[in-house]
1. Averaged across D:39-46, how many Cβ atoms of other chains sit within 10 Å of each residue's Cβ atom?
2. Rounded to whole Hz and in sequence order, give me ³J(HN,Hα) for region B:61-75 from the Karplus expression 6.51 cos²θ - 1.76 cosθ + 1.60, θ = phi - 60°, writing x for Gly and Pro.
3. Does anything in region A:94-134 have its amide N under 15 Å from the 7 Å Cα→Cβ label point of residue C:132, and if so which residues?
4. Return a whole-number percent for the relative contact order of chain B, with Cα pairs under 8 Å and 6 or more residues apart as the contact set.
5. So which trypsin sites (Lys or Arg not before Pro) in region B:61-140 are both in a DSSP loop and have at most 13 other Cβ atoms within 10 Å of their Cβ?
6. Specify, per residue and in Å³, the volume enclosed by the convex hull of the alpha carbon atoms belonging to the protein assembly as shown.
7. Counting only Cα atoms, I'd like the Rg/Rh figure for chain C, Kirkwood definition for Rh.
8. Taking 7 Å along the Cα-to-C-beta vector as the label spot, tell me the residue A:65-residue A:101 distance in nanometres, rounded to one decimal.
There are 4 protein chains.
Amino acid sequence: MSNPERAPRALTGGPGPACSLPVRIYYHHTDAGGVVYHGRYLDFMEAARIELLNGLGLDLASLAERDHVLFMVYRMEVDYHRPARLNDLLTVGAAIARVGRVRLDFEQQVRRGAELLVSGKVLAACVDPRSFRPTALPEPLRLRLQHR
Amino acid sequence: MSNPERAPRALTGGPGPACSLPVRIYYHHTDAGGVVYHGRYLDFMEAARIELLNGLGLDLASLAERDHVLFMVYRMEVDYHRPARLNDLLTVGAAIARVGRVRLDFEQQVRRGAELLVSGKVLAACVDPRSFRPTALPEPLRLRLQHR
Amino acid sequence: MSNPERAPRALTGGPGPACSLPVRIYYHHTDAGGVVYHGRYLDFMEAARIELLNGLGLDLASLAERDHVLFMVYRMEVDYHRPARLNDLLTVGAAIARVGRVRLDFEQQVRRGAELLVSGKVLAACVDPRSFRPTALPEPLRLRLQHR
Amino acid sequence: MSNPERAPRALTGGPGPACSLPVRIYYHHTDAGGVVYHGRYLDFMEAARIELLNGLGLDLASLAERDHVLFMVYRMEVDYHRPARLNDLLTVGAAIARVGRVRLDFEQQVRRGAELLVSGKVLAACVDPRSFRPTALPEPLRLRLQHR
């Protein structure tokens, strides 16, 4: 069996907690242009953000159910530098750039080895999952997001 | 503007209520093989089933919320006869093949003009959306599904 | 059958050629938050851009094969204002904002009736589909994109 | 960081070469029913088949380009036993059930721990990627698929 190192890794240094997730490119990620479809990178980036939060002990499923806290993306900026192809093994990074009262900003990168393929800024807000209205990040949550 | 006929149409004749939905193929449906990715047809088939139910006055969103009724697919058989390509205009059909106490069976086809590209059987069951346990189809619902 | 008006419509006025595409929300567009998954809007936006180009007589499939011209998205900015839900009927707009030597910029909106749900800027570049290197837009293409 | 064991593993015993791939459930896999969307399992199953072939030294990208060999799914049977939810860690298995002159049959399972969630049969055929016509599996390929 091929053995890509698949466990997400914590990154040290940098502005805040960070995580790096390996992603293999399969047919369902690609399009008829022969490369990864541009929308699919948002799935990879979501995966890396969830693994980053999981790594901080924040389980989004129980946050939504028990604490009525949901993170909604309200703005994305994505730059596509180079295309990825079938069977490539990519590394998808997520780092917390800023923790506000309601907001949570991420910086993200997708790399193939040392090559930067995609970079993005993802701005999320804490909302109540029943009303989708913005709500303050619960204090214990904010603390965990700010400290490593 | 190109003007594909986009409104779902009721089909007459056949074993039960039926519906036909036009679908244009975009990049996000295709893969690096240059054709539509096999899993994407399940999305087209789901769309045609929902339009069929909508056409019978069954709004799945309010069924789930108000009546605690959710249809879950529990078996699919799909045959892929010919590939579809970028910019093709397909017709996706859904017909109710059988209405049971809990079950709802669909027959589905995807065509490009007269050509049959994909055919499938989709077996769904009525479940409670809170427990995912099978539950009997509410009587008024069953009647609407059986009669045209 | 329900009868949403499904044919893409040309929009008049505004800075350049434009198109508006109706999209119904199905289960495969939504996520466990109960609303449309943020990445799925990129598929809707791609669909509206392709229908806009189709409406101008530009078939991307034959452009790629015959003319070796492929449009690659190289930057996106997306703002999410309000969530969409299962069975909503949305309108996805695409307008050409700027035609450069290599670049093609789009402005896009997703609406539910008069309500603005999502807005975005999509910057695409003309590349050779074999090398993915930027290439000038063929002159006849540029003319068609600039004039209504 | 959470540390799910992410490397695909070869399975011993059984009827033929097999592979097992860990998959974490993210928002983009789920739908408004609160569980994984039924079509998404086809992506997981495709991923496990590709990792199985990768593990046998068969790189699909170069097979398509150099050897003009593409595997097309021509029939699927999928049984859904139990739903998966956000943040679940699943194991997706793929085993080669039969190697024919043109055909390649797979047996697949998706599990959460010991619980079987989804099982499927996937029948693929070897086709020429230019014509999509069936073609015999190249002899060296067939040998590698038959022997462990």
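Derivation of every value follows stated rules applied to the coordinates shown; laboratory data play no part. Not measured: the values here are computed from a predicted model. Neighbour counts are summed over all protein chains in view; Cβ atoms, including those assigned to glycine, are modelled from backbone coordinates with ideal geometry.
1. Details: counts 12, 4, 3, 9, 7, 3, 2, 8.
So the per-residue partner count for this stretch is 6.
2. Couplings: 4, 7, 4, 5, 6, 7, 9, 6, 10, 9, 9, 10, 6, 10, 7 Hz.
3. A:110-119
4. Relative CO of chain B lands at 26 percent.
5. Answer in residue order: B:101, B:130.
6. On the way: hull volume 89.4 nm³, N = 592.
Taking the convex hull of the Cα positions in the protein assembly as shown, it is 151 Å³ per residue.
7. Computed over Cα atoms, the ratio is 0.99.
8. 3.2 nm
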